[in-house]
1. Cβ contacts < 7 Å: first residue of a type in the set (D, E), restricted to segment 686-707; second residue outside any loop (DSSP other than H, G, I, E, B) and surrounded by 13 or more Cβ atoms within 10 Å (Cβ to Cβ), any location; separation 6+ or different chain. Result?
2. Given the structure, is S10 outside any loop (DSSP other than H, G, I, E, B), among the small types (G, A, S) and within 30 Å of L721 (Cα to Cα)?
3. Being within 30 Å of D527 (Cα to Cα), in contact (Cβ under 8 Å) with a residue 24 or more places away in the chain, under 25 Å from the mean Cα position of the chain (by Cα) and in a helix (DSSP H, G or I) narrows it down to one residue among L118, L203, L142; which is it?
4. Within segment 499-537, work out how many residues are more than 16 Å from ligand 2 (Cβ to nearest atom) and assigned to a loop (DSSP other than H, G, I, E, B).
5. Could you check segment 566-587 and list, in sequence order, the residues that are surrounded by 18 or more Cβ atoms within 10 Å (Cβ to Cβ) and free of Cβ contacts under 8 Å to residues at least 40 places away in the same chain?
6. Suppose the filter is crowded, with 16+ Cβ neighbours inside 10 Å, of a type outside the set (D, E) and in contact (Cβ under 8 Å) with a residue 40 or more places away in the chain; does A390 pass it?
7. Which of the following residues is at pLDDT below 95 and either in contact with a strand residue (DSSP E or B) (Cβ under 9 Å, 6 or more places away or on another chain) or more than 16 Å from ligand 2 (Cβ to nearest atom) (or both): G359, G405, G337, G395?
Amino acid sequence: MSSRYNPRTSEPKWQKAWAEKAAFRTEADSADKPKYYVLEMFPYPSGRIHMGHVRNYTMGDVIARYRRARGFNVLHPMGWDAFGMPAENAAIEKGVHPKEWTYANIAAMREQLKAIGLAIDWEREFATCDPEYYGRQQALFLDLLDAGLVTRKKSTVNWDPVDNTVLANEQVIDGRGWRSGAPVERRELVQWFLTITDFAEDLLAGLETLDRWPEKVRLMQKNWIGKSEGARVFFPIEGLADAPDEALEIFTTRPDTLYGASFCAVSPHHPLAQKLAADNEELQAFIRECDRLGTSEEAIETAEKMGFDTGLTARHPFIEGRTLPVYVANFVLMEYGTGAIFACPAHDQRDLDFARKYGLPVIPVVAPKDKTGAELESWLADFAAKADEAFTGDGVAVNSDFLNGLDVAAAKHAAIEKLEGLKIGEGTVNYRLRDWGVSRQRYWGCPIPVIHCDECGTLPVPKDRLPVTLPDDVTFDVPGNPLDRHPTWKHVDCPACGKPARRETDTFDTFVDSSWYFARFTSPHADGPVDKAAAEHWLPVDQYIGGIEHAILHLLYSRFFTRAMQKAGHLDLAEPFAGLFTQGMVNHETYRDADGKWVAPSEVVLDNVDGKRIAKHAETGAPVSIGSVEKMSKSKKNTVDPTDIIDQYGADTARWFMLSDSPPERDVQWTDAGAEGAWRFTQRFWRLASEGVDELCPAGSPMPDLDDEALALHRAAHQALASITEDIEHLRFNRAVARIYELANAISGFKAQNDAGKWARREALEFMVLCTAPMMPHLAEECWSALGHDGLIVETPWPVADPALLVDDRVTVAVQVNGKRRDELTVARDAAKEDVERAALALEKVERAIDGKTVRKVIVVPGKIVNIVAN
Ligand code: ANZ
Ligand code: ZN
């Protein structure tokens with residue numbers, strides 16, 4: 001038996017063995033097995049995989065392999081999110097066709113993924129730029145159109161006046177076009193929208209059912225949907241000569257503050273502002289100034305408040321004879337509510353900033369509950385005169401006629417009732433969520449399958465003429481959309497009247513492509529978008545894994561698409577992902593040379609001088625400074641290429657390190673020392689499993705009578721198996737890894753003296769190998785074979801721990817800090833109180849809960865609970 005494990009020969013060997021047996025092919029029909037669908041967010045084919053991919057896909061792979069061993073019929077597919085701008089940029093910069101660039105990248109990355117040894121059913125692979133995929137997406141779009149989920153309306157885009165092209169938000173840098181550097185303008189274009197707002201309430205309510213999603217992600221989605229309850233109120237406008245009956249419709253969440261109104265304001269893009277600007281140059285200049293500052297929510301939040309007095313006034317809905325000036329103000333967004341507000345400076349900070357700047361009245365109408373009489377009077381007077389911080393808390397309505405004395409909630413209610421009675425307003429619910437504009441003026445995307453005819457209007461491409469494929473012969477030498485200037489592509493006959501008509505030249509936002517791919521994986525060769533029976537069988541995805549950066553858009557769009565597909569009759573569920581896990585990032589130290597330029601880790605040699613870490617340039621020997629630990633990124637050059645690691649140590653070492661170092665939801669720091677540690681463990685593991693096999697009982701021998709020592713190892717093996725199983729089940733991979741180390745130590749320290757010992761050692765080794773198989777699958781196969789097994793580990797069921805061996809000397813106790821449960825601890829049943837105490841205090845969650853406070857007392861109730869009192 002070779003004493004060194006050589007991944008360079010072993011890994012390809014086992015990958016070949018798995019492929020030959022089609023070990024990871026999903027069984028189409030296996031009624032006897034429960035299904036399990038595990039999916040990692042599919043990659044963008046940027047060119048090479050990075051360490052973040054390795055981490056993400058390894059986690060999914062552990063789950064897939066574990067579930068398979070547990071008897072599930074597992075679906076674990078892979079594909080490519082292949083449309084998008086980088087391919088067009090490559091075309092512009094390097095002159096390579098987007099299609100060529102993309103498929104070449106896919107080919108390279110597929111090989112890299114295969115080298116990691118992922119248990120993927122490659123027969124289901126597709127790229128979103130395959131006509132077989134995007135053609136089905138076009139069919140799906142037409143179904144959504146039929147189902148009433150698509151509209152066409154005007155919306156603003158970023159327009160580069162020099163390049164004459166629409167820019168995506170990420171192409172606008174500091175208000176300028178990324179290539180031309182010209183100030184970006186707003187343009188109104190007619191675009192296609194998916195009516196996600198129809199599902200706003202349902203998407204919100206559905207979040208409550210997602211109990212296997214991180215709380216944080218659910219909260220982010222909730223905020224994004226942004227439900228606000230309030231009222232719409234009409235303020236009659238005075239001073240518009242040509243429209244004496246005009247009224248300004250505003251949206252407010254605080255109708256209880258109407259008596260504190262001191263002005264009204266409309267967005268620079270409100271029709272009223274636009275109308276007034278038509279013959280007012282000063283206002284035009286003001287609007288341009290607002291646009292220059294940007295129209296994103298962030299930009300508006302942080303910008304200095306600016307207003308333009310229109311000279312018009314609005315009549316107060318409740319107070320006879322009271323009028324309010326109407327401003328155009330930069331902090332009012334056209335895209336929210338009605339694009340117009342009434343302002344109550346006393347109870348809204350933006351309104352207050354504005355009022356103080358322009359000398360408008362501040363009228364407090366909600367007062368703190370504890371103030372009465374003279375104290376209240378002086379608080380009110382002080383507030384009106386000098387407050388610079390709005391009072392936004394609950395309180396009692398004052399200065400508010402029929403509302404006086406009511407708390408905020410009751411006053412809102414009463415105000416809405418009154419508005420409705422007077423027929424000048426009504427209670428409404430407003431959502432921050434906007435309909436999803438899916439038109440992009442780009443080449444490398446899925447063509448929107450419609451045709452424009454001057455006579456017949458806008459018509460869907462007949463389904464039997466799908467897919468509408470992208471033309472290959474396009475040029476990128478001038479800005480703008482190549483589809484639009486292609487000499488022939490857009491010229492087609494109208495499907496209704498047969499006269500010359502034009503194809504839509506916009507393509508879909510690439511988020512559309514990724515909003516239903518998980519459903520397509522259930523039946524990747526189906527004629528329609530999905531095979532309904534297959535989709536029903538496989539969905540929802542049991543475990544989805546990906547980065548937190550997709551917490552909002554991708555996941556929300558996918559949840560919407562699932563509902564939309566349900567409405568169009570393709571699916572029968574609302575929530576696509578039953579379980580969601582967001583993994584942390586892969587970080588690395590950063591290095592710079594004397595000129596401050598980033599230096600890649602591969603160019604750096606690290607050393608230790610007098611206990612201090614120093615770094616030198618590998619070639620020049622020049623000193624390099626060691627900087628902070630940051631997310632691996634090209635811009636800081638602190639990346640490590642997975643292929644280099646695999647060449648050096650093998651895929652298993654990379655997989656093991658990715659899983660071992662920190663909890664999967666946290667960031668992990670890649671270090672050479674850590675990778676070497678993982679490498680040493682693979683060698684130790686191999687020696688442990690392969691040396692002295694002849695002295696073990698033969699595989700499959702019945703259990704002899706066990707003496708005390710053998711029984712102890714037997715028990716340790718079953719306990720390790722039970723907790724590793726639990727840990728993998730709950731995605732606590734780093735804890736499973738720690739348990740495998742423990743088991744390996746127990747086996748190393750065990751000397752088999754007799755048959756009982758030889759049997760127990762074999763059992764423990766086999767458990768160790770089987771439990772490691774999801775994480776280091778190649779090494780595990782090699783060891784399994786060394787242990788005398790003919791079959792593949794990927795075909796071997798997960799072992800079952802004997803419950804009788806688990807109820808022994810270890811107990812799990814809850815750990816509380818000041819009465820609140822923070823964590824739990826597994827300790828020997830007869831552990832000394834001091835040991836339990838020390839272990840409890842060392843728990844990370846406990847440390848965090850204590851947060852620098854002084855521990856006053858630790859109460860240990862043996863076998864039950866540890867309570868820590870700290871203050
Ligand atoms: C009067 C008022 C008084 C308001 C008060 C707040 C406090 P959320 O909670 O985010 O929904 N608003 C309405 N439409 C707006 C727009 N298009 N652009 C900027 N601000 C807008 O916020 C709703 C509140 O934001 C609304 O309630 C409105 O100001 C403002 F003491 O109306 B409020
Ligand atoms: Zn026609």
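The values are calculated or read from the model by the stated rules, or taken from the named source; none is laboratory data. Since the structure is predicted, the reported quantities are computational estimates derived from the model, not experimental observations. Using ideal geometry, Cβ is built from the backbone for each residue, glycine included, and neighbour counts are taken over all protein chains shown.
1. Listed pairs, sorted by first residue: E695/K758; D705/A756; D707/A756.
2. On the way: outside any loop (DSSP other than H, G, I, E, B): yes; among the small types (G, A, S): yes; within 30 Å of L721 (Cα to Cα): yes.
Spelling it out, S10 is indeed outside any loop (DSSP other than H, G, I, E, B), among the small types (G, A, S) and within 30 Å of L721 (Cα to Cα).
3. Criteria check complete, one pass: L203.
4. First pass over segment 499-537, keeping only residues more than 16 Å from ligand 2 (Cβ to nearest atom): 505-537.
Checking which are assigned to a loop (DSSP other than H, G, I, E, B) leaves us with 505-506, 509, 514-516, 521-531.
Qualifying residue count, segment 499-537: 17.
5. Once the filter is applied, which keeps residues that are surrounded by 18 or more Cβ atoms within 10 Å (Cβ to Cβ) and free of Cβ contacts under 8 Å to residues at least 40 places away in the same chain, segment 566-587 yields nothing.
6. Working: crowded, with 16+ Cβ neighbours inside 10 Å: yes; of a type outside the set (D, E): yes; in contact (Cβ under 8 Å) with a residue 40 or more places away in the chain: yes.
Criteria met by A390.
7. Details: G359 fails: at pLDDT below 95; G405 fails: at pLDDT below 95; G395 fails: at pLDDT below 95.
Only one candidate passes the filter, namely G337.
A quick yes/no check of all residues on (1) among the polar types (S, T, N, Q); (2) surrounded by fewer than 23 Cβ atoms within 10 Å (Cβ to Cβ); (3) farther than 30 Å from H452 by Cβ:
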site: P500; (1), (2), (3): no, yes, no
site: T522; (1), (2), (3): yes, no, yes
site: Y544; (1), (2), (3): no, no, yes
site: E589; (1), (2), (3): no, yes, yes
